[in-house]
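Inspection log for the structure reproduced underneath, given as structure tokens.
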Amino acid sequence: MTDTTTVNCPTCGKPVIWNAESPFRPFCSKRCQLIDLGEWAAEEKRIPSQSDLNDSDEWSEQDR
Ligand SMILES: [Zn+2]
């Protein structure tokens, strides 16, 4: 008997057991579910994070 069906989390690819213990299936966790639902929002957040990288360049110049 094989009632341990597993699926791969669409967000991170981690195997998820398809039973009542995985309330967020096919996602492995609520976090991955939110990431998938809000994928468009996550990409918008990447724009300000790139300017953070420019700030870190100034830090390295101060270090020298
Ligand atoms: Zn996941």
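We did not get these values from a lab; they are worked out from the coordinates using the rules stated. In this text, all values refer to a predicted model and were calculated from it rather than measured experimentally. Positions of Cβ are generated from backbone atoms using ideal geometry, with glycine treated the same way; all protein chains shown enter the neighbour counts.
Numbers for the structure displayed
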| read-out | value |
| --- | --- |
| Inter-site label distance for residue 19 and residue 36 at 7 Å from Cα along Cβ, in nm | 2.1 |
| Local electrostatic count at residue 19 - Lys and Arg +1, Asp and Glu -1, tallied over other residues with Cβ under 9 Å | -1 |
